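Below you'll find the structure, written out as structure tokens, and then a few comments.
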Amino acid sequence: MTAQKNRSSVKRIIDICLTALLLCQMAYQVTGEQAHEYSGMIMTAVVIIHQILNRKWYGTLFKGRYNAYRTLTASVNALLLVSFALTAFCGMSMSTYAVPFMYGIAKVSFVRRMHLSMSHWAFVFMGIHLGMHLPVMAAQMRLSEQTKKLITYAFCIIAGLGLYLFLYNGVQNYLFFRVPFAFLDYEKAGILVFLENLAILLFFAFLGDRAVLLCRKQRSQNYNSLMHIVLPAVSVVLGLVLNLIFPAENLPDFAGGDWREPAAAVQESTPAADEPEGGDASEAAAAQQVDDGFLYIEGGTFLMGSPESENWRIEDETQHEVRVSSFCADAYETTQSEYERLMGENPSAFSGADLPVENITWLDAIRYANAKSLDAGLTPAYQITGEEVIWDMSAEGYRLPSEAEWEYLCRAGTVTPFNTEKSLDASEANFYGHYPYEIEENYFNNSVLEAKPGEYRQTTVPVGSFEANAWGLYDCHGNVNEWCWDYYGAYDAAASADPTGAESGTRHVYRGGGWNDFAKNMRSAYRAAGQADMASFNLGVRLVRNAAERSGIAKAEETVPDMHSGGNVLIAYFSWGGNTRGVAQEIQRQTGADLFEITLVYPYSADYNTVLMEVQEDQHRQARPEIAEHIENMEDYDIILLGYPNWWASIPMPVASFLEEYDFAGKQIIPFCSHGGGRFGQSLTAIAKLAPEGVIGEGLSVHYSGGSSLPDDVSAWLEKNGIEK
């Protein structure tokens, strides 16, 4: 008897632990990702222990007859177990901290949506499961009938509030895969988050409690089976009425289960700002005659670049005055459905009709603009002849924005680092939300930050998922970078009217930052660059067209070198913790190439917390640490396999020292990096800027040490770049 009581007590403790852990799991915005992952692993272990303690239940599943009560309990328990298992598997498949070696065992974009749905189903079934045990627990408590009635009525009211919070927070959208990520309020007090989740849990517990009583047909002198139907109905009505009186105001728009529609849904162009004195109203009217939903952007003068006082600015952001003529711009980044409709293919790494198209090159974006012009009956802006692209500025067809136009539309009249006029947080843009603006120098004390660390979604999201800027343009910061026309180069302050960039170059500009970028690299003034044949999972396009009469031509001679095989290969790498070194050694094992480790005269600290601050300070100052060893015969190598850890979303500064020491003209630079979740960050553009005459090959990003798949990943990468043993 004592053993049975002990077992029962242990089970009760396990149930309490599971409930507490579940509430912690559902409070992601309070706990943060690291605690979320580790508590999830603990919860998985507790669930397994719970199953072991209740193993006899499995033995009775196929014995005896099933009445209503037994059918209900068996169904809820089975669904709860399945949802727990899928939640755990999906969580581990995108783990950054607890089990990083499991990252990517299933497609991250898929398991993220599955994890979001299954975790909330587990929450629902856990509530029902707890409620099904309440009648037994209540029977063990010596309470008067009057007290039981009061508790029941209070339970009914709290359950109604729980249903209201369920609807207000949009949980139903997570259950049915209607959204790819959670909309969480990071400003809400932590205790309030827990109390809201508890109220929601109690709603489903109340349903479970009433369902069990109804199935068992338990009666007393004060209750009958009708009350077990009426009371849940009262809770539901209360929740629905509260939802009508106090509806959610900041949730996304779900029309028919879909995200708000992209640009095609906008019926007419509208002025982006109040027209200044002397503005040409006929110009705006003419621009609106093309029914494509593009917004009319009134031209004007603004300060392009960043002031020297702006934190994390780069030297190439020299501030200067620029005049931009009026033009029309897509309110949204180009979607996959629109790109595929015109181009007949979808190269995107993430799949979804309303997701922005990505993984397209600059030349792909040029061809798409021409295809859209022809489809709309407009004169194409570009003539492509061999390796030369000619932009006819007088053409009314679609085109890439100039770099000046892009910054003008992004800023929407602001002069601050972001068009929100404050630091971005993860509820305002899709980026690496763990790293808001200025966290680098405040990593161990982020209480001083204007925007606190938030969610990292690790995927693109449907266009228009966040608030537009003051001129009605969505996702200028984050989601995907956007190609511009211009060659990358120093600003020409003399070219102040409708500048089109450097006359020649080897890289084109892209702007805005992507889903895996830190906030510092999404500033309105930040400039990224890549060669015309570069494609990336975080790089897309937003088209514009003329609204004012323009004339003249601009040319871009695109030399896209072949990725040839052969030639002497050097593996040069910098490593601190050993992950990059391990990847470099695997590459050498497969290629037999020469190996060179970039080491420093004054090495970084061996302490992890210290080195975090040292490397961010070096990045902040754009320092060039002195390299200890040097390559005397760099001219003998044609291909440089360049390895490094992704530190603070870019290359470590010792790699910058290495790139500036040698002449890479005509050489292939093929990057590989180890990372903790941000893949390449903006390291590719850093390499492109520091070695402008080098040819950048297709990179390899390895999550930490790469795990068991590293040999195959390296082999496939080498083959893709034409590197033979």
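The values are calculated or read from the model by the stated rules, or taken from the named source; none is laboratory data. Since we're looking at a predicted model, the values are computed, not measured. Positions of Cβ are backbone-derived with ideal geometry, glycine not excepted, and every protein chain shown enters the neighbour counts. In case anyone asks, the SASA skips ligands and DNA or RNA and just uses the protein heavy atoms, side chains included. Shrake-Rupley method; radii C 1.70, N 1.55, O 1.52, S 1.80 Å.
Tell me whether region 565-573 contains one or more residues that are touching a Lys or Arg at 6+ places or on another chain (Cβ under 9 Å), crowded, with 19+ Cβ neighbours inside 10 Å, at positive phi and not β-branched (V, I, T).
no
Report whether or not G472 is surrounded by 24 or more Cβ atoms within 10 Å (Cβ to Cβ), under 22 Å from the mean Cα position of the chain (by Cα) and small (G, A, S).
no
Taking the condition of being open to solvent by 20 Å² or more (accessible area, probe 1.4 Å) and over 24 Å from the mean Cα position of the chain (by Cα), how many residues in region 321-354 meet it?
7
If we scan region 159-174, do we find a residue that is closer than 26 Å to I13 by Cα and touching a helix residue (DSSP H, G or I) at 6+ places or on another chain (Cβ under 9 Å)?
Taking every residue of region 159-174 in turn, at least one turns out to be closer than 26 Å to I13 by Cα and touching a helix residue (DSSP H, G or I) at 6+ places or on another chain (Cβ under 9 Å).
Can you name the residue in region 408-432 that is small (G, A, S) and at positive phi and is also least open to solvent (accessible area, probe 1.4 Å) among such residues?
By that ranking, first place goes to A412.
Residues in region 521-536 that are open to solvent by 10 Å² or more (accessible area, probe 1.4 Å) and under 20 Å from L690 (Cβ atoms): how many? Lay out the reasoning, then the answer.
Let us first name the residues in region 521-536 that are open to solvent by 10 Å² or more (accessible area, probe 1.4 Å), namely 521, 526, 531, 533-536.
Retained after the next criterion (residues that are under 20 Å from L690 (Cβ atoms)): 521, 526, 531, 533-534, 536.
The qualifying residues number 6.
Considering region 369-403 alone, what residues qualify as being open to solvent by 30 Å² or more (accessible area, probe 1.4 Å) and polar (S, T, N, Q)?
Once the filter is applied, which keeps residues that are open to solvent by 30 Å² or more (accessible area, probe 1.4 Å) and polar (S, T, N, Q), region 369-403 yields T379, Q383, T385, S394.
Please enumerate the residues belonging to region 612-640 that are under 19 Å from G694 (Cα atoms), in a helix (DSSP H, G or I) and open to solvent by 20 Å² or more (accessible area, probe 1.4 Å).
E635, D636, listed by residue number.
Considering only region 641-687, how many residues are assigned to a helix (DSSP H, G or I) and in contact (Cβ under 8 Å) with a residue 60 or more places away in the chain?
Qualifying residue count, region 641-687: 5.
So, in region 538-558, how many residues would count as being touching a strand residue (DSSP E or B) at 6+ places or on another chain (Cβ under 6 Å), modelled with pLDDT of 90 or more and open to solvent by 40 Å² or more (accessible area, probe 1.4 Å)?
2
Before we move on, is L363 of a type in the set (A, V, I, L, M), surrounded by fewer than 24 Cβ atoms within 10 Å (Cβ to Cβ) and over 22 Å from Y491 (Cβ atoms)?
Judged against the criteria, L363 is a match.
Of all residues in region 90-135, how many are under 21 Å from S75 (Cα atoms) and of a type in the set (S, T, N, Q)?
Looking only at that region, the number is 2.
If I ask for residues that are open to solvent by 10 Å² or more (accessible area, probe 1.4 Å) and of a type in the set (A, V, I, L, M), which ones from region 498-518 would you list?
Result: A502, single match.
Are any residues in region 420-468 in a helix (DSSP H, G or I) and hydroxyl-bearing (S, T, Y), and if so, which ones? I'd like the intermediate steps shown before the answer.
Kept after step one, since they are in a helix (DSSP H, G or I), are these residues of region 420-468: 440-442, 446-448.
Matches in region 420-468: S447 only.
Among the β-branched types (V, I, T) and either closer than 24 Å to A497 by Cα or surrounded by fewer than 21 Cβ atoms within 10 Å (Cβ to Cβ) (or both): is that true of V357 in this structure? Outline the logic, then answer.
Details: among the β-branched types (V, I, T): yes; either closer than 24 Å to A497 by Cα or surrounded by fewer than 21 Cβ atoms within 10 Å (Cβ to Cβ) (or both): no.
The answer is no for V357.
List every residue pair whose Cβ atoms lie under 7 Å apart, where the two residues are 6 or more positions apart in sequence or sit on different chains, the first residue falls within region 404-428 and is more than 18 Å from S465 (Cα to Cα), and the second residue, located anywhere, is of a type in the set (V, I, T) and surrounded by fewer than 18 Cβ atoms within 10 Å (Cβ to Cβ).
Filtered contacts from region 404-428: E421/T414.
Any residue that is in a helix (DSSP H, G or I), in contact with a Leu (Cβ under 8 Å, 6 or more places away or on another chain) and open to solvent by 30 Å² or more (accessible area, probe 1.4 Å) - is there at least one of those in region 83-102?
Scanning region 83-102, I find no residue that is in a helix (DSSP H, G or I), in contact with a Leu (Cβ under 8 Å, 6 or more places away or on another chain) and open to solvent by 30 Å² or more (accessible area, probe 1.4 Å), so the answer is no.
If I670 satisfies every condition in (1) modelled with pLDDT of 95 or more; (2) open to solvent by 20 Å² or more (accessible area, probe 1.4 Å); (3) not hydroxyl-bearing (S, T, Y) but one, which is the exception?
It fails just one condition, (2).
Looking at (1) over 19 Å from C476 (Cα atoms); (2) modelled with pLDDT under 95; (3) open to solvent by less than 20 Å² (accessible area, probe 1.4 Å), which is the only condition E315 fails?
Of (1) over 19 Å from C476 (Cα atoms); (2) modelled with pLDDT under 95; (3) open to solvent by less than 20 Å² (accessible area, probe 1.4 Å), only one is false for E315: (3).
Taking helices (runs of 4 or more DSSP H) that do not extend beyond region 1-75, which have at least 2 residues that are over 30 Å from K452 (Cα atoms) and either at pLDDT below 85 or of a type in the set (D, E) (or both)?
Output list reads 2-25, 55-59.
Which of the residues that make up region 480-498 are in contact (Cβ under 8 Å) with a residue 40 or more places away in the chain, in contact with a strand residue (DSSP E or B) (Cβ under 6 Å, 6 or more places away or on another chain) and not aromatic (F, W, Y)?
V480, N481, E482, C484, D486, A493, S496, A497
The rows are residues; the columns are (1) free of Cβ contacts under 8 Å to residues at least 24 places away in the same chain; (2) within 18 Å of F176 (Cα to Cα); (3) more than 19 Å from the chain's Cα centre (by Cα).
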{"residue": "A74", "(1), (2), (3)": "yes, no, yes"}
{"residue": "A78", "(1), (2), (3)": "yes, no, yes"}
{"residue": "F84", "(1), (2), (3)": "no, yes, yes"}
{"residue": "F89", "(1), (2), (3)": "yes, no, yes"}
{"residue": "S95", "(1), (2), (3)": "no, no, no"}
{"residue": "V99", "(1), (2), (3)": "no, no, yes"}
{"residue": "H115", "(1), (2), (3)": "no, yes, no"}
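Only residues that are of a type in the set (F, W, Y), under 20 Å from I631 (Cβ atoms) and assigned to a loop (DSSP other than H, G, I, E, B): list them for region 566-584, please. Step through it out loud before you land on a result.
The first filter runs over region 566-584 and keeps only residues of a type in the set (F, W, Y), leaving 573-574, 576.
If we keep only those that are under 20 Å from I631 (Cβ atoms) too, we end up with 573-574.
Hit for region 566-584 is F574, nothing else.
So which residues in region 648-663 are more than 19 Å from V615 (Cβ to Cβ) and modelled with pLDDT under 95?
D663
Quick check, is E693 open to solvent by 20 Å² or more (accessible area, probe 1.4 Å), over 25 Å from N479 (Cα atoms), in contact (Cβ under 8 Å) with a residue 60 or more places away in the chain and acidic (D, E)?
In short, yes.
I'm trying to understand the selection: among the residues of region 332-354, which are in a helix (DSSP H, G or I), under 14 Å from D364 (Cβ atoms) and either β-branched (V, I, T) or free of Cβ contacts under 8 Å to residues at least 24 places away in the same chain (or both)?
Listed by number, the residues that qualify are Q336, E340.
Could you say which residue among A35, A74 is small (G, A, S), open to solvent by less than 50 Å² (accessible area, probe 1.4 Å) and closer than 26 Å to G433 by Cβ?
Sole residue among the options that is small (G, A, S), open to solvent by less than 50 Å² (accessible area, probe 1.4 Å) and closer than 26 Å to G433 by Cβ: A35.
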